[in-house]
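K.L.:
Once you've had a glance at the structure underneath, I'll fire off some questions.
The values are calculated or read from the model by the stated rules, or taken from the named source; none is laboratory data. Quick caveat: nothing in here was measured; it's all calculated off a predicted structure. Don't worry about glycine lacking a Cβ; one is built from the backbone with ideal geometry, like all the others, and counts go over all protein chains shown. The accessibility values were calculated without ligands, DNA or RNA, using every heavy atom of the protein model including side chains. Shrake-Rupley method; radii C 1.70, N 1.55, O 1.52, S 1.80 Å.
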Amino acid sequence: MTKNEVEKQKHQNPFFLPYGTPHLTVPFNLISAQDYEEAILEGIRREDEEIERIINNPESPTFDNTLDWEDKSKGDHYYDLLNRVSTVFSCMLSAETNDQLEALAQKLSPILTKHANDISLNQKLFERIKYVHDHHGTLTPEESMLLDKSYEGFVRSGALLDDDGKNHLRELTEQCGLLTLQFSQNLLKENKAFSLNLTDSEELDGLPQSSLDAAEHIEQGKKVWTFTLDYPSYSPFMTYSTRRDLREKMYRAKNTVCTHNNKENNIEICRQLVNKRLQIAQLLGYPTYADYVLKERMAGNTKTVYKLFDDLIKAYKPTALQEVAEVNSIAQEEEGPDFKMEPWDFSYYSHQLQMKKYHLDAEMLRPYFELSKVIKGVFSLATRLYGITFKYNPNIPVYHPDVKAYEVYDKDGSYLAVLYTDFHPRKGKKEGAWMTEFQEQWIEKDGKNIRPHVSIVMNLTKPTTRKPALLTWSEVQTFLHEFGHALHGMFANTRFSSLSGTNVWWDFVELPSQFMENFAVEKDFLQTFAFHYKTKEPIPDELIDRIVKSRNFLMAYSCMRQVSFGLLDMAYYTRTAPLTEDLIAFEQKSQAPVKLLQVLPESCMTVQFSHIMSGGYAASYYSYKWAEVLDADAFSVFKKNGIFDRATAQRFRDCILSKGGTEHPMTLYKRFRGQEPTIDALLERNGIKHQKLSKNQENDARRKTI
C-alpha cells in the first residue's frame, strides 16, 4: 500500500463527523477537495431517505409531519449533511476556487440539479403539501408563510405539469445549471488572464503611489508594475493614468471580456440562458420569464418595474446630460475644442472635474481609511446602534489566511453569531463583493436558537510592503453595504431557516445593505475612526464637508447607468420569443433610452453581467434602485430622530432585520416606517429636482456630450 493510500485510509471526511470547533463552525483546515463529492452524494442519499419517510407516512398530512421537512432536518446532523456541505462548496467556488474544485463543480452540478428536481417534482410530496394547504387549521403567521412558500414553490417548479412537461422542465433546469456554472468559470478565467505589465516609468505618469505600490514587483531581476482587471487595480488606473493609449488598452480589455474567439466566450451561453429561461416560464404558463420572476417580488409585475425606470429617467436624465456635458467641457478645456471624448476618457476627466469643483480626490482620503480602523469604526457603529460587540477568535478555522473570524455578542452579552471577514483580491477569488452564510439561523422544536455563521467577502485594496491597506471612500461604502447584509443575517430570529435572515424577496434584500451606506457621509460617524494612519490626526472637518458636498457628484449619471443595466435585464427577460439577434446590437438597442456616452462597438456588458446570468438577479436587477428608494426613506427616520438613536435602530432591527421573510416585505416596512415609501427622500438626498428639458435643450446637451 502506497503512502498516499495509507493517508487516504486514515483520513475521515469531516462533514460526516461532529465538527468539534467553536460554535460548530466549519472545520476548513480538515477539508480536502475529495471530501465534497463524497459528502454531497451521501447527503443526497440521506435526504432522499427523509423524503421517502415523509411520503410513506400513513398518517393524514399535517403541517408538522409534512411541511416541516425542509427545516426540521436542519436540527439533525444526519439529515443536515447536504445543506452543510453544498453551502461550503458553493462558497469556496466564489471565494477560494481552483481547477480541481471547478472540475468537481462541473461534475456535481447536474447531479445536484437532478436531486432538486426530484424533490420539487415529487408528486406524492406535493399532494401532501397541497392537502395541508387546502385543509390546514390554525397556523402562526410564520407557519402560514412557510406553507404558502412551499406550496407556491412546488407549483412554480412544475408540480402541476404532466409527465412530459416535468421531464422537459428537468432538462431545462439541468441545462441552466450547467450554463450558469460555465458562465462564471469563463468570466473568472478571462478576468484573471489579462494583465498590463509596464517597465517604463514614463508609462506610470499620473498614477498615485498607492497604485504603484500595489502593482510593483520584481521579475527576472527587473522592476515591473502589473495592473489587472480587479477593481482596486483597474479603477485607479482609469482614473489617474495620463497615458490615454494605456487607458484605452485597459478599457478595451475590461469591456470585451468573454467576447473573444476562445473557449471562454460567453455569448452563446448567454443566449441559451435567456432562451431556456423563457422556455421554463412558458412551460409553467407565464408569457415571459419576467412575469414568472416578478410574481414573487415587491414590484409584482413588469409594468411597475418600467414605471420605476420611467420615473427615474424623468427625474434624473436632464441632470445626467448636464453632468456629462460638464465632464466633456473640462476635457476640451484641457485638450482643445476639437477633442472627442471616448469611453476610456470619462473616469479620467470626471476626476479632473471633481478636483475642480470640490478639491477632492480618492487618494486624499486613503490615509484616513486604514482598513483596521475602518473595521473598528464599522463594528463600533453596530455597537452604538444595536449594542452588539465583536471578539476576534483565532481558534475558529478559516479557509484562507486573509480571513478572520469574529464571535458576535448581543447587547445582553449572549452569543449572537459568527462573522467571517475576507477583504482582499487573490487568485481563485471572484470579482465584486458579497455576503453569504455557512449556517443560517433557526429555532429547534425544543426552543434552542441555532445562531448563524455569516461571511462578508470583498476585493478591497491590499496592504503593501510599504503601507497598510488604505481604502478609498467608495470601498468604505462597499464595506458598509456588505456589513448591512451581515446584520440582516446575524439578527435573524425566526423559527424556520428558509425564512430567516436574507431569505427575503430580491427587491427587499438590498434594503439593509444600502441603508448602511448612508453612514458613509455622516460626520459624526466618520469622526469615530477616520484618523491619518501616520500622524494619527483626525480627518479634518473641511475634508468631511467636501465629502458631503461631493456626495452627489455624477449622481444622476450613476443613476442612469444603473437604469441602463436594469433596462438590459428587462429587455432579455420580457421577451415572448427566443433571442436570435446579435447580442451586442441587442444590448446597445435596449440601453439606448439612457445612453449618455459613446459605446465601444465591440464592448459587451451581457457576457460579464453575473447578476442576471448566474447570480439570481435575472429580471430583478431593478431591485437595487427599488431598494434605494426604501433605504433613503428609512434613513430619513434616523435623520429625524438622530442617526445613532438606539430606539429607532431597535425598531429597525425588530421590524425588519430580525424578521427575515416571515411576512410580506411591505408589511414589515410599513410596521417600521408607519407608511409606504415614496421617492421623495431619494430625490432630496440626491439633490434632484423634478425638471424637464425641452427637446432643443436635450439635443444641445447631447451635442456637448457625444
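K.L.:
Can you work out which of the residues in the stretch 314-351 that are in a helix (DSSP H, G or I) and of a type in the set (D, E, K, R) is most open to solvent (accessible area, probe 1.4 Å)?
P.N.:
K314
K.L.:
Need a quick list: helices (runs of 4 or more DSSP H) entirely within the stretch 84-191 having at least 1 residues that are touching a Phe, Trp or Tyr at 6+ places or on another chain (Cβ under 8 Å) and of a type in the set (S, T, N, Q).
P.N.:
Filter on the stretch 84-191 gives 99-120.
This table checks each residue for (1) more than 26 Å from the chain's Cα centre (by Cα); (2) modelled with pLDDT under 95.
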position	(1), (2)
P337	yes, yes
K340	yes, yes
S347	no, no
S350	yes, no
L353	yes, no
D361	yes, yes
E370	no, no
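K.L.:
Turning to a different aspect of this structure: Inside the stretch 501-521, can you point out the residues that are modelled with pLDDT under 95 and of a type in the set (D, E, K, R)?
P.N.:
D507, E510
K.L.:
Of all residues in the stretch 242-261, which are in a loop (DSSP other than H, G, I, E, B) and either over 26 Å from the mean Cα position of the chain (by Cα) or closer than 17 Å to Y348 by Cα (or both)?
P.N.:
T242, R243, H260, N261
K.L.:
Considering only the stretch 437-465, state which residues are charged (D, E, K, R) and out of contact with any strand residue (DSSP E or B) (no Cβ under 9 Å at 6 or more places or on another chain).
P.N.:
Hits for the stretch 437-465 are K445, D446, K448, K462.
K.L.:
Is one or more of the residues making up the stretch 379-394 part of a strand (DSSP E or B), within 26 Å of G616 (Cβ to Cβ) and touching a Lys or Arg at 6+ places or on another chain (Cβ under 9 Å)?
P.N.:
no
K.L.:
Which of the residues that make up the stretch 352-373 are surrounded by fewer than 18 Cβ atoms within 10 Å (Cβ to Cβ) and either β-branched (V, I, T) or under 15 Å from E326 (Cβ atoms) (or both)?
P.N.:
Answer for the stretch 352-373, where residues must be surrounded by fewer than 18 Cβ atoms within 10 Å (Cβ to Cβ) and either β-branched (V, I, T) or under 15 Å from E326 (Cβ atoms) (or both): Q352, M355, K356, K357, Y358.
K.L.:
Looking only at the stretch 672-698, which residues are part of a loop (DSSP other than H, G, I, E, B) and at pLDDT below 90?
P.N.:
Once the filter is applied, which keeps residues that are part of a loop (DSSP other than H, G, I, E, B) and at pLDDT below 90, the stretch 672-698 yields T678, I679, G687, I688, K689, H690, Q691, K692, L693, S694.
K.L.:
Could you list all residues from the stretch 525-540 that are in contact with a Gly (Cβ under 7 Å, 6 or more places away or on another chain) and open to solvent by 40 Å² or more (accessible area, probe 1.4 Å)?
P.N.:
Answer for the stretch 525-540, where residues must be in contact with a Gly (Cβ under 7 Å, 6 or more places away or on another chain) and open to solvent by 40 Å² or more (accessible area, probe 1.4 Å): just T528.
K.L.:
Just to verify a result, which residue in the stretch 661-682, among those that are open to solvent by 10 Å² or more (accessible area, probe 1.4 Å) and over 30 Å from M145 (Cα atoms), is farthest from the chain's Cα centre (by Cα)?
P.N.:
D680
K.L.:
Would you please name the residue that is most open to solvent (accessible area, probe 1.4 Å), looking only at residues in the stretch 110-128 that are farther than 13 Å from N56 by Cβ and not hydrophobic (A, V, I, L, M, F, W, C)?
P.N.:
Per the criteria, the residue is K114.
K.L.:
Out of V548, V509, I need the residue that is surrounded by fewer than 24 Cβ atoms within 10 Å (Cβ to Cβ), under 15 Å from T436 (Cα atoms) and of a type in the set (A, V, I, L, M). Which one?
P.N.:
Selected residue: V509, the only one of V548, V509 that is surrounded by fewer than 24 Cβ atoms within 10 Å (Cβ to Cβ), under 15 Å from T436 (Cα atoms) and of a type in the set (A, V, I, L, M).
K.L.:
Here's something else I'd like to know. Do we have any residue at all in the stretch 624-636 that's open to solvent by less than 40 Å² (accessible area, probe 1.4 Å), closer than 21 Å to D291 by Cβ and touching a residue at least 60 places away in the same chain (Cβ under 8 Å)?
P.N.:
yes
K.L.:
Filter the stretch 1-24 down to the residues that are open to solvent by 70 Å² or more (accessible area, probe 1.4 Å), assigned to a helix (DSSP H, G or I) and at pLDDT below 95 and list them by number.
P.N.:
Of everything in the stretch 1-24, those that are open to solvent by 70 Å² or more (accessible area, probe 1.4 Å), assigned to a helix (DSSP H, G or I) and at pLDDT below 95 turn out to be K3, N4, E5, E7, K8, Q9, K10.
K.L.:
Of the residues N493, N503, which is in a loop (DSSP other than H, G, I, E, B), over 22 Å from the mean Cα position of the chain (by Cα), surrounded by fewer than 22 Cβ atoms within 10 Å (Cβ to Cβ) and on the phi < 0 side of the Ramachandran plot?
P.N.:
N493
K.L.:
Looking at L179, L212, which is the one that is free of Cβ contacts under 8 Å to residues at least 24 places away in the same chain, among the hydrophobic types (A, V, I, L, M, F, W, C) and open to solvent by less than 60 Å² (accessible area, probe 1.4 Å)?
P.N.:
Every option except L212 fails the conditions.
K.L.:
Given the condition part of a helix (DSSP H, G or I) and touching a strand residue (DSSP E or B) at 6+ places or on another chain (Cβ under 9 Å), answer yes or no: does some residue in the stretch 25-44 qualify?
P.N.:
no
K.L.:
Please enumerate the residues belonging to the stretch 553-571 that are farther than 17 Å from D361 by Cβ and either touching a Cys at 6+ places or on another chain (Cβ under 8 Å) or open to solvent by 30 Å² or more (accessible area, probe 1.4 Å) (or both).
P.N.:
M555, Y557, S558, R561, Q562
K.L.:
Let me ask something else about it. Taking the stretch 409-467 only, how many residues are small (G, A, S) and either under 18 Å from T21 (Cβ atoms) or open to solvent by less than 20 Å² (accessible area, probe 1.4 Å) (or both)?
P.N.:
Count: 3.
K.L.:
Please go through the stretch 76-102 and give me each residue that is of a type in the set (G, A, S) and either in contact with an Asp or Glu (Cβ under 8 Å, 6 or more places away or on another chain) or open to solvent by less than 60 Å² (accessible area, probe 1.4 Å) (or both), ordered by number.
P.N.:
Selection gives S86, S94, A95.
K.L.:
Give the stretch 584-603 a look and list any residue that's assigned to a loop (DSSP other than H, G, I, E, B) and buried (at least 21 other Cβ atoms within 10 Å of the Cβ), or say none.
P.N.:
Q591, L596
K.L.:
Among the residues of the stretch 291-307, are any in a loop (DSSP other than H, G, I, E, B), open to solvent by less than 60 Å² (accessible area, probe 1.4 Å) and among the hydroxyl-bearing types (S, T, Y)?
P.N.:
no
K.L.:
Let me ask something else. Scan the stretch 389-402 for residues that are open to solvent by less than 50 Å² (accessible area, probe 1.4 Å) and either within 24 Å of L543 (Cα to Cα) or free of Cβ contacts under 8 Å to residues at least 60 places away in the same chain (or both) and jot them down.
P.N.:
Of everything in the stretch 389-402, just one residue is open to solvent by less than 50 Å² (accessible area, probe 1.4 Å) and either within 24 Å of L543 (Cα to Cα) or free of Cβ contacts under 8 Å to residues at least 60 places away in the same chain (or both), namely F390.
K.L.:
Name the residue that is nearest to R252 (Cα to Cα), counting only residues in the stretch 590-603 that are without any contact (Cβ under 8 Å) to a residue 40 or more places away in the chain and touching a helix residue (DSSP H, G or I) at 6+ places or on another chain (Cβ under 8 Å).
P.N.:
P601
K.L.:
Given the structure, is D213 part of a helix (DSSP H, G or I) and at pLDDT below 95?
P.N.:
So D213 fits the description; yes.
K.L.:
Within the set of pairs 6+ apart or on separate chains, which have a first residue in the stretch 336-354 that is within 22 Å of R252 (Cβ to Cβ), a second that is among the aliphatic types (A, V, I, L, M) and open to solvent by 40 Å² or more (accessible area, probe 1.4 Å), and C-beta atoms under 8 Å apart?
P.N.:
If the second residue must be among the aliphatic types (A, V, I, L, M) and open to solvent by 40 Å² or more (accessible area, probe 1.4 Å), the pairs left are P343/V599.
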